[in-house]
Amino acid sequence: MLQVNIPGLNLKNPIIPASGCFGFGREFGELYDLNLLGAIMIKATTLEARFGNYTPRVAETASGMLNAIGLQNPGLKKVIEEELEYLSNFTTPIIANVAGFSVEEYVEVAKVLSESPRVSALELNISCPNVKHGGIAFGTDARTAASLTEKVKKVSQVPVYVKLSPNVTNIVEIAEAIESAGADGLTMINTLLGMRLDLRTRRPILANGTGGLSGPAIKPVAIRMIYDVSQKVKIPIIGMGGIQSSEDVVEFLLAGASAVAVGTANFIDPYVCPKIIEELPSVLTKYGFKSIDECIGGSWKHGF
Amino acid sequence: MLQVNIPGLNLKNPIIPASGCFGFGREFGELYDLNLLGAIMIKATTLEARFGNYTPRVAETASGMLNAIGLQNPGLKKVIEEELEYLSNFTTPIIANVAGFSVEEYVEVAKVLSESPRVSALELNISCPNVKHGGIAFGTDARTAASLTEKVKKVSQVPVYVKLSPNVTNIVEIAEAIESAGADGLTMINTLLGMRLDLRTRRPILANGTGGLSGPAIKPVAIRMIYDVSQKVKIPIIGMGGIQSSEDVVEFLLAGASAVAVGTANFIDPYVCPKIIEELPSVLTKYGFKSIDECIGGSWKHGF
Amino acid sequence: MRTANSTIIEKDILIDNVVKISLKSDLVDLKIRPGQFVNILIGATGETTLRRPISVYEIDSENKSFTIIFRVEGKGTRLLSEKTVGEEVNILGPLGNGFPLDKVQKGQTVILVGGGIGIPPLYETSKQLKKLGANVIHILGFNTASDSFLIENFSELNKTYVSTVDGSFGQKGFVTDVIKRINLDYDYVFACGPKPMLKALENIMDNSKLYLSYEERMACGIGACFACVCKTKKSETDYKRVCKEGPVFLAGEVI
Amino acid sequence: MRTANSTIIEKDILIDNVVKISLKSDLVDLKIRPGQFVNILIGATGETTLRRPISVYEIDSENKSFTIIFRVEGKGTRLLSEKTVGEEVNILGPLGNGFPLDKVQKGQTVILVGGGIGIPPLYETSKQLKKLGANVIHILGFNTASDSFLIENFSELNKTYVSTVDGSFGQKGFVTDVIKRINLDYDYVFACGPKPMLKALENIMDNSKLYLSYEERMACGIGACFACVCKTKKSETDYKRVCKEGPVFLAGEVI
Ligand SMILES: Cc1cc2nc3c(=O)[nH]c(=O)nc-3n(C[C@H](O)[C@H](O)[C@H](O)COP(=O)(O)OP(=O)(O)OC[C@H]3O[C@@H](n4cnc5c(N)ncnc54)[C@H](O)[C@@H]3O)c2cc1C
Ligand SMILES: Cc1cc2nc3c(=O)[nH]c(=O)nc-3n(C[C@H](O)[C@H](O)[C@H](O)COP(=O)(O)OP(=O)(O)OC[C@H]3O[C@@H](n4cnc5c(N)ncnc54)[C@H](O)[C@@H]3O)c2cc1C
Ligand SMILES: Cc1cc2nc3c(=O)[nH]c(=O)nc-3n(C[C@H](O)[C@H](O)[C@H](O)COP(=O)(O)O)c2cc1C
Ligand SMILES: Cc1cc2nc3c(=O)[nH]c(=O)nc-3n(C[C@H](O)[C@H](O)[C@H](O)COP(=O)(O)O)c2cc1C
Ligand code: FES
Ligand code: FES
């Protein structure tokens, strides 16, 4: 009932922990069997190891949080040798999140990661708002995004999903450009740019100043963007932004997502992914669905 | 201590109910003395009367709400003859919110409203996300926004504040263009475009499909945008987006706003504006401020 | 109309998912009219942002309290149902117009028609109509016997007919089937219930005597936000606000 | 480490804004170590989204309960302080490494240095060190006498020195002033308190014997999100997570 097939990914269920909210799986692996998951989106990987931003890196907001981790990761080599090695203990498909500060870096990281037998698909992160150069700069202009997608597609051994930034005037235009450039799928949304100030210090709470807003607060924005984009592209969408429950999952599927990723909710309830996977069948039944496929795009497809 | 002077507006305090969340003041006038308020932003006015969108027009979201009222209003003539007439019973400055579906309409509405002795300033609403044409279309492109601002400035008898849409890739660029076009001030932010689906009907909850997201959920986005824009323009900003408390007000002032507007919170606590006005002095004192002026831009100005 | 922190002094579960709560509240001093509603702040912003509109079921001026009855629908009503005696909730009210009791004269016949969770606001209405000396008749509709509630309370006050869709209690069918069968003369009909019931009444009753209580999603509840607006026949832009000019409208007044 | 719904079985206000809460919890079965912390879900998302990290003050394995002591700082701790006996909270734990009790041998001297709200985690530490047969000495620092708490509890266990910044109780000045005065030999120092206190200790104590408990804003609390990371001297990109490799680090281990 929960099975979903999208390029490179035969998912036994549509629930995927979101990149950056699940590390490389080790910590959650202490809490439950990672094989329960539909797939795993691992933390953004850059060519070299990065420490990321200074702390504080997180701040709470109403029904959400800001983060400015700054793409901390052990670098491509260690990700392959240590993290993907650890993940070889599981059969769950791995989606590797690719970040960079130049086209060349993106291409190199994507090429090498895609060659790993442990990686089923790439998620091209052109929407990280927390680094000064790179990241979001590649995701807010349709031509830049398309050109990067094309180059990565050329070298990748596995399907390429491109992660869209919500911080744009016209997300449909960017999605269409990325589709035309050959992307196999889209993942959306990354975080909204936000800030909080500390009244005592009179300064931003985050050392980085701005951060990415995630959590239930942004769900309506995510639903709207997926609803709009899914009607204009043919490639599948992995939806995310504020998912906390099985009901939220159904809402994302109805909006037009084929699978979903859960980010911030992992911090609130570390068991949230297996919990949703367990509950999803009965919630689907409650709302009259016989399968995931029947849900996808149900809010705008005819026949409902 | 709470006094703020910005073009056209000598505010006895910086607290203003936001446009569309306060009607034309009559209903809240039954609850408290409207003269307590710093100013009042009245509901968007178009040339002709408009019914607006079908219902449901509102939906709840995590720490926020969606609305798609669709610029319902009695039309320019009635606003002047009936609503502004009612507001003549009070001395609080009125900021008239100007909407339209064409440049000509904006210019005509702005001209006539600005001639009313009861109107102290205009708020040019180029960011309403809830109508198919006009509204937001004027606010997401820097050149269109600047050209409209220029035309309205030519006919207006009072200072013109332009209300910015957060649904853009680069809000600083648009703010700068509007400043160059002669705007006297900015108001920001209008709502974020969002959507919610009803799992039972499998359709958007709002009859209009999408709606504008407001409330505490969007506060971090508002703070970030005001922080960025206020450092790049010289004209004052009236800040809004999720304000619920005196602490929130101080956060907006520190980010760079000179005054603030309170929207959604009026629905949660109809007395929220007078309550904030009463508490604000002690909250300012608590955080070591002697005046509003001292707060404004405090997060990025030197000497703090 | 104003806000008041009101204390829950009694709580009953009438049937599965239908809860009755009595509140000690200064709002009672403001003279609540039958058919009016209040707008309840459930609690923490984030969980529920907006207030929830609920009609007044009964008013006890002496005890300075009033009672509401509501069905657990979603998050807000669930959280409200979990509150316990002694807890405070902030309530805005009284709101709206209420039923036009001022039109009713002694000896006139008023039929009160309620469907499901639309029934509670008719109770105080019935009590006050009786005090006015009107002949009051209740027609209450439910889906099935196990869904029914308040039948005894209404029966104690005035003559009460009941219908259930499946015939498990009272007459099988809809309230309109009862109305057709008993075929009464009447001066007024006041009705509250699901939209299809209100439509059905419009089709068979004298619309100049029929007052219907409407529901619409609300934000402010006081007339300021234009969330709850209905069109009228007068013009393309003429409107009524359910929260302010309503929730009770003469049949045909709004479309 | 796992989550458990834990029931508040006791609640005390120690001084203004400092609250002690005991919880019946299955987490106790997982063997909590002194200096470890738990991550508490305060309640409704929206009001507080993230969990709040609080150290363990005392463990009662027999009674399957543990105790925390916290200061009301902001929204989360305020809401937690308003919870009553009988209420449940969801707790994730035990988290972090705790103090290195395994390094301490019978007869060795351990100085426990605590400042303000950093004092509570030293209590279970002291109890277990005593059981191990170590000589334990407490040095507790407060701002002023009326801010002080737990002095008696610590005094009952082991020798306890107190300093207050304004001299209103114990020695006037900082914990470091006490240390300089008593000039003790020691095998280990375990410390928890504000950053300036930890820095001051690094300056005057033998860093190879000094273990410091750090605080950092957290999201996951389990090592997955990289919110709470500190640099080390090893390289520009080497790091430790306060929630996983910490919160207790050897002096100089992180910068
Ligand atoms: C004037 C008026 C009087 C009412 N009187 C009663 C009453 O006496 N007893 C009773 O059980 N119910 C009554 N209702 C309906 C009641 O307001 C809704 O059932 C309730 O708001 C649902 O909230 P929820 O959080 O449980 O559901 P959710 O679906 O979680 O609510 C989400 C949002 O939708 C709104 N909403 C959902 N359903 C309705 C609805 N039917 N009408 C208006 N808004 C809705 C909620 O207020 C909230 O803003 C009345 C509604 C109106 C407008
Ligand atoms: C490992 C560890 C152990 C701790 N043990 C204790 C203890 O035993 N007793 C005690 O009183 N306090 C302890 N603290 C500090 C405690 O976590 C904060 O005081 C608390 O999180 C503040 O939350 P709030 O909602 O009241 O404040 P708010 O300012 O409203 O919190 C907003 C956000 O900032 C975070 N935050 C604010 N202050 C701190 C801080 N000092 N450290 C980490 N995050 C913070 C909150 O967790 C929350 O995410 C500990 C912190 C850590 C990291
Ligand atoms: C702490 C944190 C770290 C994140 N790191 C990454 C990252 O490395 N790469 C990425 O593509 N997205 C990253 N994200 C974004 C999430 O993958 C996700 O798109 C976003 O948080 C919205 O989903 P949510 O609301 O469920 O958290 C991060 C989010 C958070 C909260
Ligand atoms: C119900 C509703 C109606 C609104 N109508 C208008 C409007 O007519 N004109 C306008 O410029 N903004 C309108 N807004 C936007 C608000 O003025 C404000 O910019 C926005 O809601 C953010 O502030 P808040 O989070 O405090 O509500 C409306 C908002 C709401 C919630
Ligand atoms: S709910 Fe705001 S006008 Fe009726
Ligand atoms: S809080 Fe997430 S890694 Fe430490």
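Derivation of every value follows stated rules applied to the coordinates shown; laboratory data play no part. Just so you know, these numbers come straight off a predicted model, no measurement behind them. Cβ sites come from the backbone with ideal geometry, for glycine too, and all protein chains shown count toward neighbours.
The aspartates and glutamates within cross-link reach of residue D:130, meaning a Cα-to-Cα straight distance under 15 Å and a gap of 8 or more places when in the same chain, are D:58, D:102, D:156, D:187.
Throw me the Rg/Rh for region A:129-237, computed over C-alpha atoms with Kirkwood Rh, two decimals.
Values: Rg = 15.5 Å, Rh = 14.9 Å.
Taking Rg over the Kirkwood Rh, I get 1.04.
Structural descriptor for chain D: relative contact order 17 percent, calculated from alpha carbon pairs under 8 angstrom and at least 6 residues apart. Just to confirm a number: summing +1 for Lys and Arg and -1 for Asp and Glu over residues other than residue A:114 whose beta-carbon lies under 14 angstrom from that of residue A:114, what do you get? Residues close to residue A:114 contribute a combined charge of +1. Springs between Cα atoms under 10 Å define the GNM used for chain B, and in it the highest mean-square fluctuation of B:216, B:236, B:56 occurs at B:56.
Computed across chain D, the Kirkwood hydrodynamic radius from all distinct Cα-Cα pairs reaches 18.5 Å. Taking amide H as placed 1.01 Å from N in the peptide plane, residue B:45 has its amide H under 5 Å from the amide H of B:97, B:98, B:99, each at least 5 places away in sequence or on another chain. Distant-in-sequence amide contacts of residue C:248, defined by a placed amide H-H separation under 5 Å and a gap of 5 or more residues or a different chain, comprise C:97, C:98, C:214.
With the convex hull drawn around the C-alpha atoms of region A:153-304, the volume per residue stands at 148 Å³.
Roughly how many debye, to the nearest 20, is the charge dipole of the protein assembly as shown about its Cα centre, given +1 on each Lys and Arg Cβ, -1 on each Asp and Glu Cβ, and no other charges?
Working: 118 positive and 120 negative charges, 105 e Å.
Dipole of the protein assembly as shown, to the nearest 20 debye: 500 debye.
Across identical copies of the chain, residue C:74 has label-point separations of 2.9 nm, listed in ascending order, with the point defined 7 angstrom from Cα along Cα→Cβ.
Our note on the geometry: Cα centres of region D:2-28 and region D:158-224, 25 Å apart.
Over region D:214-255, Cα pairs under 8 Å with separation of 6+ residues give a relative contact order of 39 percent.
Bridge orientation summary for the protein assembly as shown: considering DSSP beta bridges with both residues in this region, about 55 percent are antiparallel.
The mean number of partner chain beta-carbon atoms within 10 angstrom of a residue's beta-carbon across peptide C:86-93 is 1.
Between region B:74-92 and region A:279-300, the alpha-carbon centres lie 51 Å apart. Neighbours of residue C:29 by Cβ distance under 10 Å: Lys/Arg scored +1, Asp/Glu scored -1, total +2.
Over all projection directions, the Cα-based convex hull of region D:101-213 averages an area of 6.1 nm².
Would you mind ranking C:29, C:147 so that the residue whose beta carbon has the fewest other beta carbons within 10 Å leads the list?
Values: C:29 11, C:147 20.
Exposure proxy ranking, most exposed first: C:29, C:147.
For the protein assembly as shown, the calculated P(r), taken from all Cα-Cα distances in 10 Å bins from zero up to the bin holding the longest distance, is 2, 10, 17, 21, 20, 16, 10, 4, 1, 0, 0 percent. Globularity index of region B:233-272 is 1.19 (Cα radius of gyration / 2.2 N^0.38 Å, N = number of residues). For region A:19-70, the set of chymotrypsin sites (Phe, Trp or Tyr not before Pro) satisfying both a DSSP loop assignment and a count of at most 14 other C-beta atoms within 10 Å is given as A:54. Peptide B:198-209 has a mean shielding of 4, counted as Cβ atoms of other protein chains within 10 Å of each residue's Cβ.
Positive-end ranking of A:180, B:281, D:207 along the dipole of the protein assembly as shown, with charges on Cβ about the Cα centre, is headed by A:180. In order along region A:22-34, phi translates into HN-Hα couplings of 9, x, 10, x, 4, 5, 6, x, 6, 9, 7, 6, 5 Hz, rounded to whole numbers, per the Karplus curve 6.51 cos²θ - 1.76 cosθ + 1.60 with θ = phi - 60° and x for Gly and Pro. Using θ = phi - 60° in the Karplus curve 6.51 cos²θ - 1.76 cosθ + 1.60, the 3J(HN,Hα) couplings for region D:135-145 round to 7, 10, 10, 9, 10, 10, x, 10, 6, 7, 3 Hz; x is entered for Gly and Pro. Build a GNM of chain D with springs between Cα atoms under 10 Å apart, and of D:210, D:79, D:112 the one that fluctuates most is D:79.
Summed over qualifying helices (DSSP H, 4 residues or more, each -39500 (n - 2.57)) and divided by its residue number, chain D shows a 222 nm mean residue ellipticity of -5000 deg cm²/dmol. All Cα-Cα separations within region B:120-174 were binned at 10 Å from zero, giving a P(r) of 26, 53, 20, 0, each value a whole percent of the pairs.
Estimated from helices alone, the mean residue ellipticity of chain A at 222 nm is -8000 deg cm²/dmol (sum of -39500 (n - 2.57) over DSSP H runs with n ≥ 4, per residue). Volume per residue for region B:195-282 equals 119 cubic angstrom (convex hull of Cα atoms).
Placing +1 on the Cβ of every Lys and Arg and -1 on the Cβ of every Asp and Glu, with no other charges, gives chain C a dipole of roughly 500 debye about its Cα centre.
Gyration tensor over the Cα atoms of region C:2-95: the corresponding equivalent ellipsoid has semi-axes (square roots of 5 times the eigenvalues, largest first) of 19, 15, 12 Å. When the Kirkwood radius is taken over all Cα pairs of chain A, what Stokes-Einstein diffusion coefficient follows at 37 °C and 0.692 mPa s, in µm²/s? Estimated diffusion coefficient is 173 µm²/s. Less than 5 angstrom separates the built amide H of residue D:14 from those of D:19, D:20, all sequence-distant by 5 or more or on a different chain.
Annotation: the antiparallel percentage among DSSP beta bridges lying fully within chain C is about 60.
Measuring against 21 Å, Cα to Cα, the residue pairs B:78/C:209; D:127/D:159; A:301/C:231 contain B:78/C:209; A:301/C:231 as the ones spanning a longer distance. Footprinting exposure proxy ranking of C:255, B:226, C:69, fewest other C-beta atoms within 10 angstrom first, gives C:255, C:69, B:226.
Please give the charge dipole size of chain B, origin at the Cα centre, charges +1 on K and R Cβ atoms and -1 on D and E Cβ atoms. Round to the nearest 20 debye.
Details: 27 positive and 30 negative charges, 123 e Å.
Magnitude of the dipole: close to 600 debye.
Ordering B:82, C:124 from the fewest to the most neighbouring beta carbons within 10 Å gives B:82, C:124.
Helices of chain B meeting both criteria, an alpha-carbon length of 15 angstrom or more along the long axis and an average Kyte-Doolittle score not below -0.5, with helices taken as full DSSP H segments, are B:103-114, B:142-155, B:219-230, B:272-286. When the charge dipole of the protein assembly as shown is built from unit charges on Cβ atoms (+1 for Lys and Arg, -1 for Asp and Glu) and taken about the Cα centre, the candidate among A:13, D:96, C:126 whose Cα reaches farthest toward its positive end is A:13.
Give me the percent of Cα-Cα pairs in region C:214-255 that sit more than 16 Å apart, rounded to a whole number. Write down the numbers at each step before the final one.
Numbers: 230 of 861 pairs.
In whole percent, the share of Cα-Cα pairs in region C:214-255 beyond 16 Å is 27.
Semi-axes of the equivalent ellipsoid for region C:35-80, computed as √(5λ) from the eigenvalues of its C-alpha gyration tensor and ordered from largest down, come to 22, 11, 9 Å. Just how far, in whole angstrom, is region B:219-269 from region D:62-126 if you go by their alpha carbon centroids? Region D:62-126 and region B:219-269 have Cα centres spaced 39 Å from each other. Take chain C, connect every pair of alpha-carbon atoms lying under 10 Å apart with a spring to form a Gaussian network, then pick out the residue of C:115, C:193, C:76 with the largest mean-square fluctuation. It is C:76. Counted without the sites themselves, the longest stretch of chain D free of trypsin sites (Lys or Arg not before Pro) in a DSSP loop having at most 14 other beta carbon atoms within 10 Å is D:107-232. Backbone phi angles across region D:62-78, fed through the Karplus curve with coefficients 6.51, -1.76 and 1.60 (θ = phi - 60°), yield HN-Hα couplings of 4, 8, 6, 9, 9, 10, 10, 10, 9, 9, 6, 10, x, 4, x, 5, 5 Hz in residue order; Gly and Pro are listed as x.
With its label point put 7 Å out from Cα toward Cβ, residue A:293 sits 7.0 nm from the same residue's point in the other copies, in order from shortest.
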